[in-house]
Amino acid sequence: MSPHTQLKRSIRISAALAAVGALALSGCSGGQGATTLDKDAKVTITMWSGQTDEAQDYIKKLASEFEDEHPNVTIDLSAGASSTEQLLQKLSAGFAGNSYPDISYAFGAWASQLEASGRTLDITDQVSEPDVKWDEFSEAARATVQPTGEKTIGFPAIVDNLSLIYNKTLFDKAGLDYPDESWDWSDFREAAKKLTDPASNTYGYGYSVSGSEETTWQFWPHLWQNGGSILTDDQSKAAFDSDAGVTALTFLQDMAVTDKSVYLDQTDTKFGQLFASDRIGMITSGPWQLYDLKAAGTDYGVTVLPGTDGDHQTVSGPDIWALFDHKDKNREYWAYQFIEWLTSAEQDVRWNVAIGNLPLRSSEVSSDAFAKQAAEYPGLDVMAANNENAVKARPTVPGYVNLSEAIGGAISSVLQGQGDPADALKAAAEKSNKKLGASK
């Protein structure tokens, strides 16, 4: 696992969300390619990988192998932009100028905007074929490439989730049993209180109060496990200001304000550093955290999130390979064939798993390649299995960035002792609805 792998996941997501508004709707492509499929015709497909360094090298090697197997196919591969965040702006410009790729890496947060552009392919029929093994992808990953539920615009590219990471040194010092899948939130709260030591500035838990997407997505599992929803069924209004939302936020408020067992991080990154140096007992984070913990020599363990009535739902932030329509049957066919091949279990272990990401498919968890990575980074196997608890996708509606900012600010204020959970969530919902286009 390399330090650039997945970067800092929440920071990437926040930057991506900020870029979502850049995508303008465009008309249909002005060009017309092959109207009937000729599998033997020479064809060039363009791919923007969104990757650099080690990850890009792996994909280049795999693309070359695919070309060797299919001599009539050329894959014009590039990163596409100097950073993944800039791909959205470049895609928007490409749509306007009829100069866009056949395949592009994309943050899941962009999915609705990409579908609404009118430029994506719909591969729903293809992925329903048994040989594709579509059900090997997590529910959250599948939902992300099906943003409206009407079309499938690509394949999952990277998956992750939030798991509970605990500091064994602090648990041993406090004489506490390590957390496991039997834990509920009351077990979690009690442990956090016992791990907290004001004299040594040691806290039981760390939580972001920056108001960013880090603040927000840490909250969604609490909401979902209590039976709540982010949006109404028609995705037109915020629904997080429900009894379930108030219960979830009140729980965190009790820990932060009453128990004073939570380190409130204004930076999004400090709580990970303090955990690594044995100053925080538990954090909820993902696979990107394990590289730093190994480098620091931290004695840690990983388990699923504490549950509510046996529900251990987590949140995932899948990225996607989006496929685009150039009105050319040959390009369409081979772009699909390459991405289906790239995301197969056999190839995925050779790039996603090889650079330290979680496997895309459930069948890869038992592979030798993943077993090797999990041995090097303890807990990676638990995080992979935890993808089964990623059963809901975060919304990709255009107003989500504003919703995230509104509820992130509300959570931050409440955890810092400023405001009532019900009032704060109601105000955040009202702000969100204005941007979601809902009536006042």
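Some points to look at:
- In the elastic network of the chain, a GNM with C-alpha springs shorter than 10 Å, the most mobile of 405, 139, 67 is 67.
- Under a Gaussian network description of the chain, with springs only between Cα atoms under 10 Å, the residue in 131, 292, 184 that fluctuates furthest is 131.
- Computed about the Cα centre, the dipole magnitude for the chain is approximately 1320 debye when only Lys and Arg (+1) and Asp and Glu (-1) carry charge, each at its Cβ.
- Bridging of residue 435 to aspartates and glutamates at a Cα separation below 13 Å is possible for 405, once same-chain residues fewer than 8 apart are set aside.
- For the range 71-185, alpha-carbon Rg over 2.2 N^0.38 Å: 1.52
- Reach of residue 327 by Cα under 25 Å, taken over lysines that are not fewer than 8 positions away in the same chain: 39, 42, 90, 151
- Helical runs (DSSP H, four residues minimum) scored at -39500 (n - 2.57) apiece and divided by the length of the chain put the mean residue ellipticity at 222 nm at -12000 deg cm²/dmol.
- Given in Å, the Rg to one decimal and the Dmax to the nearest whole number for the Cα atoms of the range 325-408 are 17.3, 47.
- Long-range amide H partners of residue 74 with built H, under 5 Å: 43, 44, 45
- Beta bridges by DSSP in the chain, antiparallel share as percent, to the nearest 5: 60
- The chain: most fluctuating residue of 245, 50, 417 per GNM, C-alpha cutoff 10 Å: 417
- For the chain, the percent of C-alpha pairs falling in each 10 Å distance bin, counted from 0 to the bin holding the largest distance, reads 4, 21, 31, 24, 13, 5, 1, 0.
- Taking the average, over residues, of other Cβ atoms within 10 Å as the packing measure, peptides 280-289, 56-65, 335-344 rank 280-289, 335-344, 56-65 from highest down.
- Exceeding the 23 Å Cα-Cα cut-off - candidates 168/294; 329/392; 168/194: 329/392
- Anisotropy class of the range 239-307 from Cα gyration tensor, a/c 1.5 cut: prolate
Each reported figure results from applying straightforward, stated rules to the coordinates on display, with no laboratory input. Values in this document were obtained by computation on a predicted structure and should not be read as measured data. When we count neighbours, we look across all protein chains shown, and the Cβ atoms used for this are built from the backbone with ideal geometry, even at glycine.
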